[in-house]
1. Is it the case that B:Asp103 is modelled with pLDDT under 95 and within 11 Å of another protein chain (Cβ to nearest Cβ)?
2. Could we say that B:Ile223 is under 30 Å from A:Val164 (Cβ atoms), out of contact with any strand residue (DSSP E or B) (no Cβ under 6 Å at 6 or more places or on another chain), away from chain A (no Cβ under 12 Å) and part of a helix (DSSP H, G or I) here?
3. Tally the residues that are under 21 Å from A:Ala203 (Cβ atoms) and touching a Ser or Thr at 6+ places or on another chain (Cβ under 7 Å), restricting the search to the range A:216-235.
4. Select from the range B:187-217 the residues that are surrounded by fewer than 18 Cβ atoms within 10 Å (Cβ to Cβ) and either touching a His at 6+ places or on another chain (Cβ under 8 Å) or part of a helix (DSSP H, G or I) (or both) and list them in ascending order.
5. Limited to the range B:140-170, what total is found for residues that are within 8 Å of chain A (Cβ to nearest Cβ), closer than 23 Å to A:Ile122 by Cα, buried (at least 24 other Cβ atoms within 10 Å of the Cβ) and β-branched (Val, Ile, Thr)?
6. Sort out which residues of the range B:104-118 are in a helix (DSSP H, G or I) and surrounded by fewer than 16 Cβ atoms within 10 Å (Cβ to Cβ), and write them in order of number.
7. Which one of B:Gly202, B:Gly173 is of a type outside the set (Ser, Thr, Tyr) and away from chain A (no Cβ under 14 Å)?
8. Determine the pairs where a residue that is in contact (Cβ under 8 Å) with a residue 60 or more places away in the chain and under 16 Å from B:Gly207 (Cβ atoms), located within the range B:71-89, has a partner that is charged (D, E, K, R) and surrounded by fewer than 24 Cβ atoms within 10 Å (Cβ to Cβ) with Cβ atoms under 7 Å apart, the partner being 6 or more residues away or on another chain.
2 protein chains.
Amino acid sequence: MSSGSEQAGVKPKSGAAAYLERSRAFVDACLEKALPPETAAPTTLHKAIRYSIFAGGKRLRPALAFAAAEAVGGSWDDAAPVGCAVEMIHTYSLIHDDLPAMDDDDLRRGRPTCHKVFGDAIAILSGDGLLTYAFEVLATCRRTEAIPGVIKAVATGSGTVGMVGGQVLDLEGEGKPATEASVAAIHRWKTAALITASCEAGALSGGASLKEAELLRNYGQKIGLAFQIVDDILDLTASPETLGKTPGKDLQAQKATYPAVMGIERAKLEAQRLMDAAKAELQALGARAQHLEDLALFVVERKS
Amino acid sequence: MSSGSEQAGVKPKSGAAAYLERSRAFVDACLEKALPPETAAPTTLHKAIRYSIFAGGKRLRPALAFAAAEAVGGSWDDAAPVGCAVEMIHTYSLIHDDLPAMDDDDLRRGRPTCHKVFGDAIAILSGDGLLTYAFEVLATCRRTEAIPGVIKAVATGSGTVGMVGGQVLDLEGEGKPATEASVAAIHRWKTAALITASCEAGALSGGASLKEAELLRNYGQKIGLAFQIVDDILDLTASPETLGKTPGKDLQAQKATYPAVMGIERAKLEAQRLMDAAKAELQALGARAQHLEDLALFVVERKS
């Protein structure tokens with residue numbers, strides 16, 4: 001999504017842009033195969049699923065899964081199921097979060113949200129279907145001995161003490177006074193947990209040792225939190241065209257955000273600090289972790 | 001749920017009642033361990049999940065999973081993750097189906113539905129959480145080599161070409177003219193697919209050969225369809241107290257049902273025919289399949 005046109009001299013950024021572009025093409029081809037065609041019954045449901053997942057997202061989570069697999073000596077093919085699964089889960093969470101009963105959003109990735117096009121019932125069921133496919137595809141990991149650990153990591157990151165729990169905290173926190181601690185708690189679950197799972201499960205699918213999986217989990221927690229801080233900042237500063245969704249929604253809904261509790265400048269510094277800490281986790285992995293390092297920089301410097 | 005007081009002379013029925021009672025106690029203990037306590041954050045979410053899953057259902061799907069495992073020489077412990085998972089999936093589907101955007105039901109198992117008590121947002125997220133736990137628990141099957149097949153069976157039965165797809169067909173069919181073929185298509189997906197998966201995945205978790213898994217799948221498809229036919233009949237004939245939900249809803253919503261397209265008497269005969277065909281699938285399995293035979297009879301003769 002980032003055009004990468006500004007500051008062409010910064011090497012790691014262009015590295016991440018190229019890596020994201022390649023991994024997006026790869027995961028899109030895998031998703032194309034993993035999901036039924038629009039012509040398969042029930043056609044409305046499969047159209048809604050494809051409308052939502054092929055909507056031009058950055059595919060950051062799959063890229064992290066692939067880079068994590070590479071960082072421990074594995075391949076993109078090893079991590080393909082994880083890449084598909086985390087993107088399916090991310091997409092299902094957006095569909096459900098956008099529903100009138102939840103955040104009630106009309107615009108997502110520059111287009112009308114799933115329920116605006118297909119209605120609430122189909123949107124709920126599309127999300128349910130995507131979540132189910134996510135685990136179906138995880139069970140096809142080539143390293144079969146890694147499957148239980150991969151599923152545990154993804155389920156933990158996306159369940160009631162992860163992403164789903166974070167959405168509850170977020171809804172319950174609306175309109176209430178927020179503190180740095182309460183904002184961090186929401187963001188760790190709502191956003192960082194699935195990003196963490198992408199890194200950990202990607203590594204496990206690539207044959208990671210327990211020690212390596214732990215390093216990747218730590219890396220993921222830090223860039224996951226940095227990602228959400230930058231998201232909060234962009235919601236205040238970016239244009240709707242760049243953002244692809246309605247900006248200023250957080251402020252309007254009195255959402256708990258980092259800029260709201262510490263101001264934009266301190267929030268930027270916190271994102272930088274987390275990026276540096278994430279990179280430090282990668283040292284033991286050596287040169288194979290270069291793409292993860294590039295992606296950490298991308299997370300903090302992105303403009304959309 | 002069935003008191004088993006009438007027709008005490010019918011041996012297989014009392015066999016099924018006792019089996020269901022034992023397996024319900026077993027799966028409830030497993031679910032108790034697999035799900036976070038109500039005191040764990042986010043407490044509202046975990047309360048809503050426990051409110052919905054510990055609501056006194058028959059636990060037919062877990063019982064089928066256990067009986068299928070036994071029929072191939074496995075144990076209840078082997079099939080415990082499958083029993084938990086199919087009940088979690090069944091419960092999540094009820095929570096989502098009852099939402100105002102879907103079937104809009106106020107009463108379930110004799111109590112206010114999840115969204116009536118906790119609100120629509122928490123109901124959506126409770127369903128999402130339960131579906132996620134279902135796959136997390138499947139990844140803990142003792143026979144690790146069976147996990148990919150178990151997950152494939154459960155995901156297929158509960159996904160867009162199974163239970164979720166069936167709910168779409170059901171919603172799209174409301175108010176339209178139904179035929180025997182269209183009703184059968186809806187019921188095969190909406191209800192029979194998850195019952196089929198309970199049998200097939202239960203068998204696989206108990207060490208079934210491919211041939212045995214196929215027999216159990218065939219058995220499941222037949223009793224799954226019979227189960228829904230009996231459900232349609234009970235919706236027309238049972239009292240709300242016996243049923244634990246609002247009867248006559250199908251008629252009111254102009255739902256496609258078996259009694260609507262073939263009348264109650266022919267629908268009863270069709271359920272009987274399917275039960276006999278299901279039992280025939282079990283012959284090659286011998287005496288170990290006795291509980292499955294009892295459960296087939298229970299499915300057709302139950303009063304609630």
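The values are calculated or read from the model by the stated rules, or taken from the named source; none is laboratory data. Every value quoted in this text rests on a predicted model; they were computed, and no experiment measured them. Quick reminder, even Gly has a Cβ in these numbers, built from the backbone with ideal geometry, and neighbours come from all protein chains shown.
1. yes
2. No.
3. Total meeting the criteria: 5.
4. B:Leu210, B:Lys211, B:Glu214
5. 3
6. Within the range B:104-118, B:Val117 is the sole residue that qualifies.
7. B:Gly202
8. Within 7 Å, the pairs are B:Ala71/B:Arg288; B:Val72/B:Glu212; B:Gly73/B:Arg288; B:Asp77/B:Arg142; B:Asp78/B:Arg142; B:Asp78/B:Arg143.
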